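These notes concern the structure reproduced below.
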Amino acid sequence: MTQANSTDPIIIAQDVHKYFGQFHALRGVNMTVQKGEVLVIVGPSGSGKSTFIRTINRLEAHQKGTIIVDGIELKEGSNLDAIRREVGMVFQSFNLFPHLTVLQNVTLAPMQVRKMPKDKANALGMELLERVGISEQAQKFPAQLSGGQQQRVAIARALAMQPKVMLFDEPTSALDPEMVGEVLDVMKTLAKSGMTMLCVTHEMGFAKAVANRVVFFDQGNIVEENTPEGFFNNPQHERTKMFLNQIRHA
Amino acid sequence: MNSFNPKNPVIQSLFGAFLIALVGVLVWQISQGLKANNIVLDWGVLGQPSQITSGSNLTTILLGMWLTIRIALVSIILALLLGIVVGVSRLSSNTVVRLVATAYVEFFRNTPLLVQIFFWYFGVFNLLPKVVQDSLDTQFGAPTVAVVAALSIYTSSYIAETIRAGIQSIPKGQFEAGDSLGLSGFQTLGLIILPQALRVVIPPLGNQFLNLTKNSSLASQLGAQELFYYGIQMQSYSGQGFVSISAITLGYLVMSLSITAILTLINNRFALAVRK
Amino acid sequence: MNIGALSFVIPGVGQFAVQTLFLGIQYLLAAITVWLVALPILLSGPLEGRIIALALLVSLHVGAGITAIAWKQRADGLEKNLAKAPRTYRLWSNVIAGLLVLLLVDLFARWLLSLPSWSAVASNLTFILIGKLRAPSNAEDLWRLWGFVPLMIGLVVGWNLFRAKKGLLGLVLGFVGVIIGTVILWPIINNQVLGGLAMSVMLALWGIVLALPLGMLVGIGRISEIPVVRISSTIWIELFRSIPFVAVIFWFYICLPYVLGQGTQLYAVVLALAIFTSSYIGEIVRAGLQSLPKGQTEASRSLGLSGSQAMIQVVLPQAIQNMIPPLVGQFISLFKDTSLTSIVSILELFGAGRSVANRLGNATFEIYLTIAVIYFIVNYSLSRLAASLEGAKAKER
Ligand SMILES: Nc1ncnc2c1ncn2[C@@H]1O[C@H](COP(=O)(O)OP(=O)(O)O)[C@@H](O)[C@H]1O
Ligand SMILES: [Mg+2]
């Protein structure tokens, strides 16, 4: 397990509220994430997990409360591009760009946003693809890869911007069971290298192996926060217990 | 770095001002041109008696609109019937039927409507037996008959494609499910396939109706006395080009917007509930 | 004795006897139609007509009988292979319908050839193709038709480069070709010596060259987050889509002289074509952009790409692939719409044909059929192109 530096918060969320029209999706979420920490978020479907992590790179705007990422507060008019460069995101549905090769998917942002020269970007891209174990596929198009491979490309693509924080929204739930392992392995290596990570995932093995904390969401708020052992072996709340029962028997 | 924010109200109003200025310059240019040619815009011309009907110019325009509406309604019904037959034939298991239907669709979609109108009127109508010609002419007016024929056939070729696409959009599993429940071919078609296909085809069918209404303006080229015809007549009798074309435009806008509104209602009625 | 054999005598009766009602009605109707059409021809038609008519009648009766017998055997469980009866039915219905169509086509072709005025059409064909340019007095300008060569080369090469994902080079080359060609052709276009099909092609090309950028602009504008841009683009698109093209032509026809001066009806027509088409292209662009999954924009934004970078690098390249087939379709519409410019007396293909028809007086059917066929040849080729592009796209998936 990685050692988090407990005096150096990189994400501070205070009393975050989010509405979709009338619907109150986040109801005063408070959370602090330390640099190097690996946080696993679990909770029933529709509880606001995705919404919450999408507010952290402002794919969704919150209506009340404050979110501070690496010292910059997220609000109307703040430098979004700067924040998005610091925060990488991996989606459940990969969202690779189908018209670009695997390598081009990875090098697009460094070249366009960081104005990195092409050869340098290619070198970086190949190194990252090497790290996620698919450098042989660099010239293929996304549709020619398996789901697990696509998701690893998506991770490499996010890493290419050298983010300080990585967000994962159910990165393995769209995958066939036999491909889940390869993606989790990449994520574990990433966690051990000291990356700050927020992962929405129900993979207990992953949580037990690398998470510092597990956070349980229900109905738009955090219900329980615990260590992985505590959370899975000795949950405090009734709703947590019910939820764990459900996923164990699923 | 992010100093240029296009949502900034100042920039927005600047852009808006620019657009208004652009339109303003055009209008000013035109009004100068009008003045130089001693033309005065006279909206009162709408109230003056018409040279070609017993009413005023305005009632004449409305009379034209009424014929436009009737032409459009009759044509859309004929086009729908023809289109369904041809569209289903496009999927027939009989090769010959399929080929004939395909030729029909391709020919009528790929030639201009105006050519077809002239073809029916000057080409085909003249070949009909004299008795038939006369009776059609006295009953509906020969130009109207030719236009309705052309409009229905032209539009039916588009509708046929819509119908075919609608039927083909239904997954094969639906046919199989119908069969496996023991429904007959007709039952499967009527109870399972068509109700689903209807949802797919209603929006494009609505579009076809809209297009047909606009296309009916070509009837004026044969002298059928619909909206566009009377508008242009008003222009040539009064010399008020702007007023006349504005009246025409307004007439078509009103019809288009009403049709759109009705279509939206129908769409909402038929739409499948989806999670927004 | 198989009861289905009754159909050898009266088609349909055998089918009723073996209780395939629907097939029975079908054969009965077919029999009535076929006899009505074939009998007169058999008695007094041309030789090949009589042969086809005879073959048609024979195959009607034989086919009906054989099919009825096959269904009867199937009903009796004699047939091991249940698919044989429907197969027999399909075979014979194709033969009968095929012969019937052949007979009608033969009649129609004979009738067409018997029309009196084809020679008049033939002698006016060059007028229909190139307009007044064919007059001897315009002979010194005839060489300018070569302008179509760089024009077409530019377009074909440009298009292929564009398809090969060399978009910018393709655009530049295509544009250079169009410019060179237009410079050569301009004098005869401007004084409207050029006409007929050649003029229609020019009008359509200039219309699309102007309408594409304009349409892109209003299409993207329509989904812009900036209210002023969105509202003005929406008004543009909805306004021009709500009124007939002839009304648009008349607006420009009436207004433009006050802006540009007299003798500008050609510009009025080109502008009307371009602006009218731009509103339809705007809708194609909007639909193309919105058809992409939202995840594509989100993924780009989460990588730090700006809104316009995401549009240019990620959304547009994918959307353009989806837009090409409907854009070709819109070009076909545009080409058809050029026929309406004849209303303000541009002598393009339809206008030229109309003037020939008026002059000859007695050849209207032949002329308008010829014109329709020329339009059909051009547009059908284009629509095949669009279909093959769509097929290629479907294969990629
Ligand atoms: N764009 C949206 N518009 C309206 N409601 C939404 C939207 N996105 C999410 N929601 C609602 O917000 C709630 C939380 O959704 P989400 O964060 O996706 O849940 P989770 O990821 O935990 O399954 C759900 O009830 C969902 O229906
Ligand atoms: Mg979710």
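The values are calculated or read from the model by the stated rules, or taken from the named source; none is laboratory data. Being a predicted model, the structure only gives us computed values, none of them experimental. When we count neighbours, we look across all protein chains shown, and the Cβ atoms used for this are built from the backbone with ideal geometry, even at glycine. Remember, those area values only see protein heavy atoms, side chains included, never the ligands or the DNA or RNA. Shrake-Rupley method; radii C 1.70, N 1.55, O 1.52, S 1.80 Å.
Quick look at the values:
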| read-out | value |
| --- | --- |
| Cβ pairs under 6 Å, 6+ apart, first in the range A:106-125 and over 12 Å from A:R85 (Cβ atoms) and within 14 Å of chain C (Cβ to nearest Cβ), second modelled with pLDDT under 90 and open to solvent by less than 10 Å² (accessible area, probe 1.4 Å) | A:M116/A:P110; A:A121/A:P110 |
| Failed item, numbered, when A:I68 is tested on (1) touching a residue at least 40 places away in the same chain (Cβ under 8 Å); (2) within 16 Å of ligand 2 (Cβ to nearest atom); (3) open to solvent by 40 Å² or more (accessible area, probe 1.4 Å) | (2) |
| So A:L167, is it in contact (Cβ under 8 Å) with a residue 60 or more places away in the chain, within 11 Å of chain C (Cβ to nearest Cβ), under 27 Å from A:V40 (Cα atoms) and in a loop (DSSP other than H, G, I, E, B) | no |
| Tally of residues being open to solvent by 10 Å² or more (accessible area, probe 1.4 Å) and either within 16 Å of ligand 2 (Cβ to nearest atom) or aromatic (F, W, Y) (or both) across the range A:152-171 | 2 |
| For A:K75: the one exception among (1) open to solvent by 30 Å² or more (accessible area, probe 1.4 Å); (2) away from ligand 2 (no atom under 16 Å from the Cβ); (3) touching a residue at least 60 places away in the same chain (Cβ under 8 Å) | (3) |
| C:A120 within 22 Å of C:V13 (Cα to Cα) and either free of Cβ contacts under 8 Å to residues at least 12 places away in the same chain or open to solvent by less than 50 Å² (accessible area, probe 1.4 Å) (or both) | no |
| Residue identified as more than 8 Å from every other protein chain (Cβ to nearest Cβ) and within 16 Å of ligand 1 (Cβ to nearest atom) among A:I53, A:I72, A:I83 | A:I53 |
| Some residue of the range C:265-288 being farther than 24 Å from C:I235 by Cα, at pLDDT below 90 and either among the small types (G, A, S) or in contact with an Asp or Glu (Cβ under 6 Å, 6 or more places away or on another chain) (or both) | no |
| Residue pairs meeting the criteria (Cβ under 9 Å; at least 6 apart or on separate chains; first within 17 Å of A:M204 (Cα to Cα), in the range A:221-241; second of a type in the set (S, T, Y) and not in a strand (DSSP E or B)) | A:E224/A:T240; A:N226/A:T240; A:F231/A:T240 |
| Residue among A:L59, A:L100, A:L96 that alone is open to solvent by less than 20 Å² (accessible area, probe 1.4 Å) and of a type in the set (A, V, I, L, M) | A:L96 |
| Checklist (1) more than 16 Å from ligand 1 (Cβ to nearest atom); (2) within 14 Å of chain C (Cβ to nearest Cβ) applied to A:V38, failing item | (2) |
| Filter result for C:W35 (open to solvent by less than 60 Å² (accessible area, probe 1.4 Å) and of a type in the set (F, W, Y)) | no |
| Breaking point among (1) part of a strand (DSSP E or B); (2) within 16 Å of ligand 1 (Cβ to nearest atom), for A:I11 | (2) |
| Single match in C:L99, C:L28 (criterion: within 18 Å of B:T95 (Cα to Cα) and part of a helix (DSSP H, G or I)) | C:L99 |
| Criterion (away from ligand 1 (no atom under 16 Å from the Cβ), open to solvent by 40 Å² or more (accessible area, probe 1.4 Å) and at the interface with chain C (Cβ under 9 Å from one of its Cβ atoms)) met by exactly one of B:T249, B:T260 | B:T260 |
| Residue list for the range A:134-151, filter: away from ligand 2 (no atom under 16 Å from the Cβ) and either within 14 Å of another protein chain (Cβ to nearest Cβ) or open to solvent by 30 Å² or more (accessible area, probe 1.4 Å) (or both) | A:E136, A:Q139, A:K140, A:F141, A:P142, A:A143, A:Q144, A:S146, A:Q149, A:Q150 |
| Evaluation of C:S302 against (1) away from chain B (no Cβ under 13 Å); (2) without any contact (Cβ under 8 Å) to a residue 40 or more places away in the chain; (3) surrounded by fewer than 21 Cβ atoms within 10 Å (Cβ to Cβ) (one fails), failing number | (3) |
| Qualifying residue in the range A:197-218 (condition: within 16 Å of ligand 2 (Cβ to nearest atom) and open to solvent by 70 Å² or more (accessible area, probe 1.4 Å)) | yes |
| Residue match in the range B:122-138 (condition: open to solvent by less than 30 Å² (accessible area, probe 1.4 Å), away from chain C (no Cβ under 14 Å) and free of Cβ contacts under 8 Å to residues at least 60 places away in the same chain) | yes |
| Selected residue (only one of A:S6, A:S45 is within 16 Å of ligand 2 (Cβ to nearest atom), more than 23 Å from A:A160 (Cα to Cα) and modelled with pLDDT under 95) | A:S45 |
| Residue count, the range A:172-196 (criterion: within 16 Å of ligand 2 (Cβ to nearest atom) and open to solvent by less than 50 Å² (accessible area, probe 1.4 Å)) | 2 |
| Test: residue in the range C:209-219 that is away from every other protein chain (no Cβ under 11 Å) and outside any helix (DSSP H, G or I) | no |
| Residues of the range A:93-104 satisfying the condition of being within 9 Å of chain C (Cβ to nearest Cβ) and either more than 16 Å from ligand 2 (Cβ to nearest atom) or touching a strand residue (DSSP E or B) at 6+ places or on another chain (Cβ under 7 Å) (or both) | A:L96, A:F97, A:P98, A:H99, A:L100 |
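Residue-wise test of (1) touching a Ser or Thr at 6+ places or on another chain (Cβ under 8 Å); (2) facing chain C (nearest Cβ under 10 Å); (3) surrounded by fewer than 17 Cβ atoms within 10 Å (Cβ to Cβ).
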position: B:T213; (1), (2), (3): yes, yes, no
position: B:Y230; (1), (2), (3): yes, no, no
position: B:G241; (1), (2), (3): no, yes, no
position: B:R269; (1), (2), (3): no, no, yes
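Conditions tested, residue by residue: (1) touching a strand residue (DSSP E or B) at 6+ places or on another chain (Cβ under 6 Å); (2) open to solvent by less than 10 Å² (accessible area, probe 1.4 Å); (3) within 14 Å of chain B (Cβ to nearest Cβ).
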position: C:I249; (1), (2), (3): no, yes, yes
position: C:R286; (1), (2), (3): no, no, no
position: C:E298; (1), (2), (3): no, no, no
position: C:Q309; (1), (2), (3): no, no, yes
position: C:V314; (1), (2), (3): no, yes, no
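So that you can scan it fast, the table gives a plain yes or no per residue for (1) closer than 25 Å to C:L125 by Cβ; (2) open to solvent by less than 10 Å² (accessible area, probe 1.4 Å); (3) in contact with a helix residue (DSSP H, G or I) (Cβ under 9 Å, 6 or more places away or on another chain); (4) at pLDDT 85 or above:
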{"site": "C:F148", "(1), (2), (3), (4)": "yes, no, yes, yes"}
{"site": "C:L151", "(1), (2), (3), (4)": "yes, yes, yes, yes"}
{"site": "C:G154", "(1), (2), (3), (4)": "no, yes, yes, yes"}
{"site": "C:P187", "(1), (2), (3), (4)": "yes, no, yes, yes"}
{"site": "C:Q192", "(1), (2), (3), (4)": "yes, no, yes, no"}
{"site": "C:L205", "(1), (2), (3), (4)": "yes, no, yes, yes"}
